[in-house]
Amino acid sequence: MDEGGQHGGNVREMVQRWGLDESAILDFSANINPLGMPTSLKQEIVNRLDVAECYPDPGYQRLRARLAAYHHCPASWILAGNGATELIFDLASLLRHKTVLLLTPGFGEYRRALQLMHCRLEEYPLAEEDDFRPDQRLLAALRPGLDCVFLCSPNNPTGQLMEGALLLAIAQRCQELSIMLVVDEAFMDFIPDGISMIDHLQRFSQVFVLRSLTKFYAIPGLRLGYMVSSDTAAMIQLRNRRPPWTLNAFAALAGEILLDDRDYQQATWRWLKQEQTILTEGLRALPQLKVWQPAANYIFFRCLRPGLDLQAALLNPIIADVGTQAVANQTRPLIRSCANYPGLNGDFYRVAIKGHEDNQRLLRELGRIFSHG
Ligand SMILES: Cc1ncc(COP(=O)(O)O)c(C=O)c1O
């Protein structure tokens, strides 16, 4: 599979494929906060450019202390990474040749990292009839001999949040069977009252929670994620295996200040509360789409018109509307096709929730495509 098609946000690949100008793309494929990088961070980076002149502290003690204070846990429970992605690969390195259960559809990097470590992968398919939500039946799939299970809540790409009681029952069963449990909460910050598994780590030492700051704080290019676990022996092992300084000094600085930016957090929740409803309802008003209720800043849907490649239709002005100059000159919405997710096909899509005008433009474009018979 080519590198670009695996993720949203690969605008370059799309402009090459469609012969468009990069500035012509309105990117709905990467789930990044449209409020952009917080001003507090921009200012701090400009004021502190000189931090690049020194090696970062290889233990990232200040960063870890801040994250630990935020989550009311010891700093020894925290490992920061160059995005949550780096930590997924770190975890996979602990699982060489082991048997791991993956829920499908799910974030593609688990599979890639685990395959590189020659893990034996088992699949737990989430069904459309169940709205792609795991339920009590998942407990039965957690059996002796399994070494690890990866969960994601809210799940990417389906946007479904796992039920808290079920997650605790899974953690309990994993504890009894000595199964390592990875819970990816990369999008949890978007849910103001989101209940994190981090609050239960004291009880469940085999649980590893992944968090990302790249989406909520719009810093995917800066890269910052972290992992929390009370298994301090495993955390030391993971820390000892890594090359030093994989986080640059600006990313570390970002983690030290961003969690204090209450204004940005509140503004994000206000924007999302409004636009999540408006865009979901707007999509639901199109009878050609089946739309799942989102929990975070992206919406998952199925196109019910057989054979229609919606991503292509939106990108291609000639398909989108009979090639009038006015339409050809406008930006083109790029949505995420979910065709390459195991368990899904080319009928499924995911769109980021953006600012009001952009969301309205997407709805107009979709309406225009569906109005062409
Ligand atoms: C569910 C999930 N986990 C982890 C990541 C990785 O995030 P990061 O940018 O922090 O590496 C992503 C990125 O898309 C994701 O969707």
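Read-outs: derived from the displayed coordinates by stated rules, not from any lab. Since the model is a prediction, treat every value here as computed from it, not as a measurement. Using ideal geometry, Cβ is built from the backbone for each residue, glycine included, and neighbour counts are taken over all protein chains shown.
When restricted to Cα atoms, region 203-282 yields an Rg and a Dmax of 16.6, 50 Å, respectively. Across region 39-260, C-alpha contacts under 8 Å between residues 6 or more apart give a mean separation that, scaled by the residue count, equals a relative contact order of 27 percent.
For the chain, the relative contact order is 23 percent, taking Cα pairs closer than 8 Å that sit 6 or more residues apart in sequence and dividing their mean separation by the residue count.
Peptides 80-89, 207-216, 362-371 ranked from most to least packed give 207-216, 80-89, 362-371, packing being the mean of other C-beta atoms within 10 angstrom over each peptide's residues. Using the Cβ of Asp189 as centre and a radius below 12 Å, the other residues enclosed give a net charge of -1, where K and R count +1 and D and E count -1.
Mean separation of Cα pairs under 8 Å and 6 or more residues apart, divided by the residue count, gives region 56-141 a relative contact order of 20 percent.
When the helices of the chain are scored as -39500 (n - 2.57) per DSSP H run of n ≥ 4 and the total is divided over every residue, the value at 222 nm lands at -11000 deg cm²/dmol. Bridges between two residues of the chain, per DSSP, are antiparallel at a rate of about 45%. The packing ranking, built from the mean of other Cβ atoms within 10 Å per residue, places the peptides 133-144, 193-204 in the order 193-204, 133-144, highest first.
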